[in-house]
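Trainee: Dumping the structure here so I can ask a few things about it.
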Amino acid sequence: MLLHSYWRSSAAFRARIALNLKGIAYGQAAHHLLRGEQRSAAYLALNPQGFVPALETAGEVIGQSIALIEYLDETHPEPPLLPRDPLARAQVRSMALGIACDIHPLGNRRVVVYLREQLGQTEAAVNAWTRHWIETGFAALETAVRRHSADGRHCYGASVTLADVCLVPQMYNARRLECDLSGVPMLVAIDAALKDAPAFAAAAPERQPDAGT
């Protein structure tokens with residue numbers, strides 16, 4: 001498998017965590033988002049959206065991190081990242097999508113660039129915008145996690161799920177942007193419990209081949 005990635009992309013961070021958890025060997029092709037390499041003709045031919053991550057496997061290319069991770073979960077079922085019970089599975093997906101669809105996109109690079117360059121917002125205003133949406137989304141997620149975590153170390157139940165795979169990268173973003181995390185102690189505790197586990201630590205941005213570029 002070949003993962004098209006960028007070291008500081010939180011969506012690519014999710015994909016790396018999932019691949020590591022599954023024990024899948026993979027290569028990486030880096031696309032420097034700040035230099036626009038994701039919009040090269042060669043990459044757009046593979047992934048017309050021009051986003052990372054994308055996974056080349058079995059002669060196909062899968063874009064979108066959640067779809068990619070669910071594919072890995074279906075083809076490499078151990079350890080499972082989604083519960084078997086339909087209701088539990090829906091709750092985990094709800095948490096994961098709350099991050100991937102409602103929090104993360106509002107602070108995505110193309111959004112903040114548009115705010116700066118097209119709408120003339122200052123760097124302070126753009127950072128305030130991003131922090132607001134992370135903190136608002138985390139407040140709702142904290143409530144959900146309090147209802148469903150069985151051990152205070154995982155978002156749902158007592159094992160790693162897709163929700164945890166999404167949480168740790170978003171917590172990395174939150175800290176980089178100096179978000180106020182005082183109101184989400186459960187999320188902080190889960191992140192602390194997981195971020196240094198081998199599969200998560202190996203996926204961390206600073207440990208990638210293109211880190212710091």
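Taken together, the values in this text are just the output of simple stated rules run on the coordinates, not laboratory data. A quick note: this is a predicted structure, and the numbers were derived from the prediction, not measured. Counting neighbours? That spans all protein chains shown, and the Cβs are built from the backbone with ideal geometry, glycine included.
Trainee: Using a 10 Å cut-off around each Cβ, can you sort Val188, Val92 from fewest to most neighbouring Cβ atoms?
Mentor: Ranked by crowding around the Cβ, least crowded first: Val188, Val92.
Trainee: Using a simple charge model, +1 on the beta-carbon of Lys and Arg, -1 on the beta-carbon of Asp and Glu, nothing else, what dipole does the stretch 2-79 show about its Cα centre, in debye to the nearest 20?
Mentor: It works out to roughly 420 debye.
Trainee: Right, next: Please go through the stretch 77-135 and write out the trypsin sites (Lys or Arg not before Pro) that DSSP classes as loop and that have at most 16 other C-beta atoms within 10 Å.
Mentor: Arg84
Trainee: Roughly speaking, what is the centre-to-centre gap between the stretch 93-115 and the stretch 33-73 when only Cα atoms are used, to the nearest Å?
Mentor: 17 Å
Trainee: Could you compute Rg(Cα) / (2.2 N^0.38 Å) for the stretch 12-86, with N its residue count?
Mentor: Cα-based Rg divided by the globular estimate yields 1.18.
Trainee: Here is a follow-up. How long is the stretch 126-204 along each principal axis, judged by its Cα atoms, biggest number first, in Å?
Mentor: 36, 30, 18
Trainee: Just grab the label-to-label distance for Ser94 and Val113, each label 7 Å out from Cα along the Cβ direction, in nm (one decimal).
Mentor: 3.6 nm
Trainee: At most 11 other Cβ atoms within 10 Å and a DSSP loop assignment: could you name the GluC sites (Glu not before Pro) in the stretch 109-195 that fit?
Mentor: Glu178
Trainee: Further question on the same structure: Rank His31, Gly107, Leu194 by how far each Cα sits towards the positive end of the charge dipole of the chain (+1 on Lys, Arg Cβ; -1 on Asp, Glu Cβ) and give me just the farthest.
Mentor: Looking along the dipole axis, the top candidate is Gly107.
Trainee: Pull up all non-local amide H partners of Ser159: gap of 5 or more, or a different chain, and H-to-H distance under 5 Å with H placed in the peptide plane.
Mentor: none
Trainee: Determine the sum of side-chain charges near Glu206: Lys and Arg each +1, Asp and Glu each -1, restricted to other residues whose C-beta is under 14 angstrom from that of Glu206.
Mentor: +4
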